[in-house]
Each structure stands twice: as C-alpha cells, then as structure tokens.
Amino acid sequence: MEYLKLGVDGLRTRYSTEIINAEFLVIPAFTPDNVPSAERFFFYNPTSEVPNQLQEKPESTYANTEWALRVYRQVFDFDLSLYAYRGFWRTPSVRLDNPVFPATVTQFYPVLTVHGLSAQRNIGGGVLSMETGYYYSRDDKQGDDPFIANSQWRYLAGYQYQLWEDFTVGAQYYAESMDNYWQYRDTLPGDAPSKTNSGK
C-alpha cells in the first residue's frame with residue numbers, strides 16, 4: 001500500500017476537551033495515487049489507442065485546497081468517529097476531445113466529498129470495528145459519465161483477536177454500493193466490462 005497511496009504534505013491541528021475531540025487537516029498541494037503501470041499489471045483502458053495522452057492535475061490554489069475533519073469521542077463503550085473530506089478522487093478519470101473519433105485523451109482528477117462514520121469496541125476479548133462512508137462524486141451527480149466514478153457507499157466490518165503474544169488473527173468484510181447504477185450501465189462503452197452492484 002505504501003507504493004500506491006503516496007504520502008502527502010499537510011497541516012494538522014488537534015482540539016481536545018473532556019466532551020469531544022477533533023482533528024483538522026489541510027492539504028494545499030494535490031498528490032495523486034501511484035497507479036501501477038500496464039507493464040506490470042493488466043488494466044482495461046478503452047482509450048489506450050488514442051495518440052495524444054495528457055494529464056491535468058489540480059493546481060495548488062486556495063479553491064483547490066483539500067481539507068479533512070475528524071470528530072470523535074467514546075459513546076456507550078464505543079470509540080465513535082465522524083469524518084468529512086473535501087478534495088479530489090486520487091485515481092484519474094479521462095476526458096475526450098471528441099467522443100466518436102478522439103485524438104486526445106486528458107487524465108484529470110474529479111472533485112470529491114466524503115462523509116463517514118466509524119466505531120470500535122472490545123467484544124469477546126477482541127476488537128470489533130465498523131466503518132461506512134458516502135463518496136459524493138460532485139462532477140458526476142447523475143451518474144451518466146462513464147469515465148467518472150459514480151457516487152457510492154462503502155462499508156467495512158472487521159474483528160481481530162490476539163490468540164497469544166505477537167499472534168493476532170482477524171477477518172474483514174468490505175462492500176460497495178453504487179448510486180445511479182442503471183445510468184452507469186446505459187452510458188458504458190459497449191466493449192467495456194461492467195461492475196456489478198447491489199445498491200440503487
């Protein structure tokens with residue numbers, strides 16, 4: 001993961017009281033994910049034959065500053081956290097100069113807002129954790145652009161238990177539910193593989 005999710009430079013502040021705690025993070029310069037190259041992994045790319053391949057990263061401006069907020073406290077033996085993030089998808093989408101006969105493909109990073117909730121507590125001698133988050137894709141609100149990720153819910157549940165010193169076992173369940181799934185299917189290029197979905 002350290003090769004895919006690169007570190008970013010930012011400023012973090014923390015506020016603590018007996019009632020509630022908070023952390024606020026500001027990221028002035030955008031850093032994309034380090035997507036593996038096609039030389040090592042196979043990725044479906046319907047625009048790979050287009051001759052001109054460009055990349056467009058968000059400029060380091062006040063309007064493009066990313067920020068994240070975490071508010072947390074203990075509630076009924078649960079360590080409860082609320083999250084908010086405003087920034088960009090860190091994997092690129094593409095824009096075509098001509099949808100029928102493109103000569104130029106531009107990789108860009110759509111804007112993104114995330115709201116989430118996580119909870120942890122000790123149960124049965126182990127640690128139970130649950131997380132959910134809503135990824136609001138602000139550049140594809142209707143879900144009809146096949147090159148930009150739709151808004152989606154993400155869920156993660158896990159449990160870990162220490163059997164003995166330096167030996168811990170765990171299990172996790174992860175799921176995603178895409179908004180506007182049928183709009184996504186209707187606008188997908190004919191030769192593109194389709195994602196499955198259990199959401200709306």
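The values are calculated or read from the model by the stated rules, or taken from the named source; none is laboratory data. Please read these numbers as outputs of a predicted model, since none were measured by experiment. No Cβ is skipped: glycine too gets one built from the backbone with ideal geometry, and neighbour counts run over all protein chains shown.
Assorted remarks:
- Residue list for the range 140-164, filter: part of a loop (DSSP other than H, G, I, E, B) and surrounded by fewer than 16 Cβ atoms within 10 Å (Cβ to Cβ): K141, Q142, D144
- Residue ID - farthest from the chain's Cα centre (by Cα), chosen from residues in the range 165-180 that are surrounded by 12 or more Cβ atoms within 10 Å (Cβ to Cβ) and not hydrophobic (A, V, I, L, M, F, W, C): T168
- Some residue of the range 188-195 being modelled with pLDDT of 90 or more and either of a type outside the set (D, E, K, R) or surrounded by fewer than 12 Cβ atoms within 10 Å (Cβ to Cβ) (or both): no
For every residue, the table says whether it meets (1) touching a residue at least 24 places away in the same chain (Cβ under 8 Å); (2) more than 18 Å from the chain's Cα centre (by Cα); (3) surrounded by 14 or more Cβ atoms within 10 Å (Cβ to Cβ).
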{"position": "V71", "(1), (2), (3)": "yes, yes, yes"}
{"position": "Q74", "(1), (2), (3)": "no, yes, no"}
{"position": "F78", "(1), (2), (3)": "yes, yes, yes"}
{"position": "T106", "(1), (2), (3)": "yes, yes, yes"}
{"position": "Y109", "(1), (2), (3)": "yes, no, yes"}
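- Checking each residue in the range 147-176 for being under 20 Å from T91 (Cα atoms) and either modelled with pLDDT of 90 or more or in contact with a Lys or Arg (Cβ under 8 Å, 6 or more places away or on another chain) (or both) picks out F147, N150, S151, Q152, W153, R154, Y155, Y174, A175, E176.
- Residue within the range 101-118 that is closer than 25 Å to T17 by Cα and among the aromatic types (F, W, Y) present: no
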